[in-house]
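Can you read through this structure? Questions will come right after.
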Amino acid sequence: MSGNKKMRVDLALIAGMIAPKTRVLDIGCSDGALIEHLFRTKQCDARGLDLDMGAVTQAVTRGLPAMQGDADTDLTAYPDNAFDYVVLSRTLQAVEQPREVLRQMLRIGTHAIVSFPNFGHWTLRMQLLLTGRAPMTSTWNRPWYETPNIHPCSISDFFALCETDGYKVEEWLAVDEAGALTPWRRSQMLANLFGGQGLFLLRKA
Amino acid sequence: MDQSAAQTEPQHDSVTFPEGLTLDCGRQLQTLTVAYRCYGTLNATRRNAILICHALTGDQYVAERNPVTGKPGWWERVVGPGRPVDTDKFFVICANVLGGCMGSTGPSSPHDDNPAEPWGKDFPPVTIHDMVRAQKRLIDHLGIEKLFAVVGGSMGGMQALSWAAQYPDAVFAAVPVATAPYHSAQNIAFHEIGRQAIAGDPNFHAGRYWAHGVTPERGLAVARMTAHITYVSEAALTRKFGRKLQDAAELSSLGDRFEVESYLQYQGSSFVRRFDANSYLTITRAMDLFDLAADHGGVLANAFAGSKTRFLLVSFSSDWLFPTAQSRLMARALNHVAANVSFLEVISDKGHDAFLLDEPDFHRSLGGFLTGCAEHAGLK
């Protein structure tokens, strides 16, 4: 399928976690690549939400159900267990209240799938140690005073939050910058040092 | 009937239902006539029909020259061959609303108790839901069990919402554009100015102006002028007119007129030639009465509980008559019942009227939404 080739590797990994014919909400759906893929290849009832009106217009123009909305404020409108999966890719670090967003995701969905850039990566640690300045990498590429990533966290931080809030990690992966799988999945410590992104499948314990 | 009117009025295609219609107010219309136009071809399964609902002063001539005004159809940008509502693919129906003055039963139709005279001010109050029930009769008459889509802007959007709430199984997709789930106090207030202007016109004669061979032109024109201001944004008026003067380079005498004044007067005077004052009173009241939440125990979401209909809500950023907040309220209500809803705000400085104008983002997303829905509905 033509849509498949263009899809970001991390979206393909997310799609791999989703069972066919399920109900999915993709928060930060952008132009709808994931929801289109899920509808075409897995017959999912997939819908999108995005803060950016241009992205939503693009998704709707492609015939995909998407609406403009804010993860921080608009998830409260959905009923409990409205979805089988609620997806939040590369956005958790940019929301106002990540903990509350996660709580809402697991209220309106049975599963939450979350990906975020890993702030524990060795290059970031090195830069901070050696230069004493806020690190800048290809992922963390905006200076501290204008970055939208206001809540950076590491893979270990995220494990700790899941523990505190009682979420069961059903599956997790570390992915490098290009989105390819890295071999650290057995060791949380190594993943936290070498993984560019963390990808988690959660459910309420 | 008024003979001069009978001579100049074109014939409108219509169907009459001799069993009449029971209205929300409890009264019964003994007969019901619905005037309508169709475009495109109904397919073998009768599943490709789209109903277009018109706004307060619109009519059924959505995609063709209007026989009364001689102007192009009011939504030719949206409805037609190759347009977002593509008449090469879909069978498109548009009906004049109940209470209107373009052939459907309304205040200028023969009085049930005295057919020699029109209803005039005696015409019973109707609601948006009544208008939709009249349209449902037409759809049944055309042999259509389920509409593929109901699309409408402003008051047409209210009808689309009413369709989705009253007949959820008969609507595959609904597109309420630039509309609201209830008419706000501000909206009612503007309507009331218009109604007062009509009622205060000496030619109104307590609604029996037809008996005196006159029409309350002044009042109706002022009503239209007031309403027209609410349809445009301050930015659009500034862009179009600014403080430019009519026939003068600079303000030389206090008698000089601004361009915006003559524009508004033109809007008013062209309107009175095509619209009936009693219809204006009836339809503005129907809009004021609209409150979907109140009809469902005060909870808007209840209107759509269990709905399988796919929704597209569209608002326009500079629309202050039906602001984006109203569409967002509907989107949230639809989320509350986990309905399939798309929602977007089109950035435009053209105000409420934007839904009728050249807005490529709106047209593209409407076309894409309908194409996507057609795939889900199994339409080729």
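What follows draws every value from the coordinates through simple rules; no lab data is involved. Everything quoted here is computed from the prediction, not taken from an experiment. In this analysis, Cβ positions are derived from the backbone assuming ideal geometry, glycine residues included, and neighbour counts consider all displayed protein chains.
Please order A:146, B:345 by the number of other Cβ within 10 Å, starting at the fewest. Display every interim value, and only then the final one.
Numbers: A:146 6, B:345 21.
Starting with the residue having the fewest Cβ neighbours, the order is A:146, B:345.
Output the relative contact order of the range A:2-204, whole-number percent, from Cα pairs under 8 angstrom with separation of 6+ residues. If you can, show how the numbers build up before the last one.
Details: 388 pairs, mean separation 37.1, N = 203.
Computed over the range A:2-204, the figure is 18 percent.
Of B:277, B:331, B:44, which has the largest mean-square fluctuation in a 10 Å C-alpha GNM of chain B?
Comparing B:277, B:331, B:44 in the GNM, the peak value goes to B:44.
Step through the residues of the range B:33-46 one at a time and calculate ³J(HN,Hα) from phi using the Karplus curve (6.51 cos²θ - 1.76 cosθ + 1.60, θ = phi - 60°), rounding each to whole Hz and writing x for Gly and Pro.
10, 10, 8, 7, 10, 10, 9, x, 10, 6, 7, 4, 7, 6
Trypsin sites (Lys or Arg not before Pro), restricted to the range B:90-183: which are DSSP loop and have at most 16 other Cβ atoms within 10 Å? Write down the numbers at each step before the final one.
On the way: sites: B:121, B:133, B:136, B:137, B:146; in loops: B:146.
Answer by residue number: B:146.
A further question on this structure: Roughly what % of DSSP beta bridges within chain A run antiparallel, to the nearest 5? Please report the intermediate quantities before stating the final value.
On the way: 16 of 35 bridges.
Antiparallel bridges make up about 45 percent of those DSSP assigns within chain A.
Still on this structure, I have one more. Report, to the nearest 10°, how far helix A:122-131 tilts away from the longest principal axis of the Cα atoms in chain A, using its own Cα long axis and a range of 0 to 90°.
40
State whether the range A:1-122 is rounded, prolate or oblate according to the following rule on the C-alpha gyration tensor (a ≥ b ≥ c being the square roots of its eigenvalues): a/c under 1.5 gives rounded; otherwise a/b larger than b/c gives prolate, and the remaining case gives oblate. Walk me through the numbers on the way to the answer.
Values: a/c = 1.32, a/b = 1.20, b/c = 1.11.
Cα axes put the range A:1-122 in the rounded bin.
Against the longest principal axis of chain A, how steep is helix A:33-42, in degrees 0 to 90 to the nearest 10, with axes from Cα atoms?
Tilt relative to chain A: about 60 degrees.
Quickly estimate the mean residue ellipticity at 222 nm for chain A, helices only: each DSSP H run with n ≥ 4 gives -39500 (n - 2.57), and the total goes over all residues, rounded to 500. Provide the component values of the computation, followed by the final result.
Working: 9 runs with 75 residues, N = 205.
Here the helix-only value at 222 nm equals -10000 deg cm²/dmol.
Residue farthest toward the positive end of the dipole of chain A, with Cβ of Lys/Arg at +1 and Asp/Glu at -1: which of A:25, A:54, A:122?
A:122
As a footprinting exposure proxy, order B:280, B:231 by other Cβ within 10 Å, with the fewest listed first. Mind showing how you got there, number by number?
Values: B:280 28, B:231 22.
Result, fewest neighbours first: B:231, B:280.
In which sequence would B:247, B:112, A:10 go, from the one with the fewest C-beta neighbours within 10 Å to the one with the most?
By the 10 Å Cβ count, ascending: B:247, B:112, A:10.
For the range B:206-319, calculate the relative contact order in percent as a whole number, restricting contacts to Cα pairs under 8 Å that are 6 or more residues apart. All intermediate terms of the calculation are to be shown ahead of the outcome.
Numbers: 64 pairs, mean separation 31.3, N = 114.
With pairs under 8 Å counted, the relative contact order is 27 percent.
Now for a different question. In chain A, which longest range has no trypsin sites (Lys or Arg not before Pro) that are both DSSP loop (not H, G, I, E or B) and surrounded by at most 12 other Cβ atoms within 10 Å? If you can, show how the numbers build up before the last one.
Values: sites that count: A:21, A:133, A:186.
Between exposed loop sites, the widest span is A:22-132.
Mind checking the range A:1-110 for GluC sites (Glu not before Pro) that DSSP puts in a loop (not H, G, I, E or B) and that have at most 13 other Cβ atoms within 10 Å? Provide the component values of the computation, followed by the final result.
Working: sites: A:36, A:96, A:100; in loops: A:96.
Here the sparse-neighbourhood loop sites are A:96.
May I ask you to derive the relative contact order of chain B, considering only C-alpha pairs under 8 Å and at least 6 residues apart, and to give it as an integer percent?
17
Using helices alone, what [θ] at 222 nm do you get for chain B, with -39,500 (n - 2.57) per DSSP H run of 4 or more residues, divided over all residues and rounded to the nearest 500?
Values: 10 runs with 126 residues, N = 380.
Only helices count here, giving -10500 deg cm²/dmol.
When you look at the Cβ of every residue in B:369-377, what mean number of other chain Cβ atoms sits within 10 Å?
Values: counts 7, 1, 3, 9, 2, 1, 2, 4, 0.
For peptide B:369-377, the averaged partner shielding equals 3.
Separate question: Cut-off 10 angstrom, C-alpha nodes, Gaussian network model of chain B. Which of B:251, B:138, B:357 fluctuates the most?
Looking only at B:251, B:138, B:357, the largest GNM fluctuation is found for B:251.
With springs connecting C-alpha atoms under 10 Å apart, model chain B as a Gaussian network and identify which of B:179, B:226, B:127 has the largest mean-square fluctuation.
Most flexible of the set in this elastic network: B:226.
Give the range of the longest stretch in chain A that excludes all chymotrypsin sites (Phe, Trp or Tyr not before Pro) found in loop regions by DSSP and having at most 12 other beta-carbon atoms within 10 Å. Before the final figure, lay out the partial values.
Working: sites that count: A:144, A:145.
It runs A:1-143.
Taking the Cα centre of the range B:1-137 as the origin, how large is its charge dipole in debye, to the nearest 20, when only Lys and Arg (+1) and Asp and Glu (-1) carry charge on their Cβ atoms? It would help to have the intermediate numbers written out before the result.
Values: 13 positive and 15 negative charges, 137 e Å.
The calculated dipole for the range B:1-137 is roughly 660 debye.
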